[in-house]
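Structure first, then comments.
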């Protein structure tokens, strides 16, 4: 009998960052007909120690079995539950320029449970056009009910746009604009800033550190030494 899902518990930021990596590995194993994976295998592929894997997954409740590891289907579902993928929520994208349009049209843009419910811009030449089956609405019009807003606007406009969306009831933001925004208590923002990522990457290039050693998400404590060999050995056995 499957173990019941545990009560929700607070997860650390490093654990939250590693869970999607474990989930992707579980999905890959499941697609290949594998039914179980142990902490050593997960650790090799994710680039962390088995102890780190066990500690991270222990926060999701007891479902691993000594000697046989984790059922990959249960592992995938537990992580989805912990990250909120078992719930439906609306997403709006603001700024339908090159970046916004590319994101909306990407097959990997939305995770399970996320639904694109609105796209907005203030450019008259863009308003009224269709993107991903949705008509681009005027940003000045009422915003459809949603949980998350993806900001793909110019830096100088990011704060004003965020303020307007907060007034419309949106509390979570994924900000692609290279601009820090101030939000009231009860709101959350995650930044995706390519310029910062490039600066970090070039630091490692110039100093021979970090990803040059084979790191994957090195700043989150994930280092995947010999990742190619591990993936080939575990996923492509004949």
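What to note about this one:
- Any hit, the stretch 114-130, residues being surrounded by fewer than 15 Cβ atoms within 10 Å (Cβ to Cβ), assigned to a helix (DSSP H, G or I) and more than 22 Å from the chain's Cα centre (by Cα): no
- When the test is whether a residue is assigned to a helix (DSSP H, G or I), without any contact (Cβ under 8 Å) to a residue 60 or more places away in the chain and more than 19 Å from residue 132 (Cα to Cα), residue 57 passes it.
- Among the residues listed as 195, 145, the single one being at pLDDT below 95, under 23 Å from the mean Cα position of the chain (by Cα) and surrounded by fewer than 11 Cβ atoms within 10 Å (Cβ to Cβ): 195
- Residue match in the stretch 91-108 (condition: surrounded by fewer than 16 Cβ atoms within 10 Å (Cβ to Cβ) and over 19 Å from the mean Cα position of the chain (by Cα)): yes
- Residues (in contact (Cβ under 8 Å) with a residue 12 or more places away in the chain and over 26 Å from residue 28 (Cβ atoms)) located in the stretch 73-103: 90, 92, 93, 94, 95, 96, 97, 99, 100, 101
The values are calculated or read from the model by the stated rules, or taken from the named source; none is laboratory data. From a predicted model like this one, the values you see are computed outputs, not experimental measurements. In this analysis, Cβ positions are derived from the backbone assuming ideal geometry, glycine residues included, and neighbour counts consider all displayed protein chains.
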